[in-house]
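See structure below.
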Amino acid sequence: MRVVQSYILKVLKEIHPDESISKKAMDIMDAFSADMFNRITLEAARLCRHTNKQTMTSREVETAVRLLLPGELGKHALSEGRKAVVQGLS
């Protein structure tokens, strides 16, 4: 099982404790997560090249998320991402 799959299951159980997910649906979620991660990484790398920076920081990642995820979806993703980082540090 990929690492992201365990997080998908964890979130599912927190939100809908009585629900489950099929292997096919999990594979789709895993592919979607990998695709979004790659898109965000590529966009953040483009931003670094555009500004002649050698090091990618949270600023480039956040800007990439804002560019790739429109409106409220991007705002929510950034908010949840920040919360996850804080939880991971504590």
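Structure notes:
- Rounded Å value of the spacing that divides the Cα centres of region 1-19 and region 21-89: 19 Å
- Cut-off 15 Å between beta-carbons: net charge of the residues surrounding Asp27, Lys and Arg +1, Asp and Glu -1: +1
- The lysine pair tally for the chain, using Cα distances under 17 Å and a gap of 8 or more places or different chains, is 4.
- Proxy reagent accessibility, fewest Cβ within 10 Å first, across Asp30, Asp18, Asp35: Asp18, Asp35, Asp30
- To the nearest ten degrees, helix 71-89 and the longest principal axis of the Cα atoms of the chain are 80 degrees apart.
- Relative compactness, region 35-90, computed as alpha-carbon Rg over 2.2 N^0.38 Å: 1.15
- Compared with the dominant Cα axis of the chain, that is its longest principal axis, helix 23-50 is turned about 10°.
Read-outs throughout are calculated quantities, based only on the coordinates presented, and are distinct from any laboratory measurement. The model shown is predicted, which means the values in this text are computed figures rather than measured ones. Positions of Cβ are generated from backbone atoms using ideal geometry, with glycine treated the same way; all protein chains shown enter the neighbour counts.
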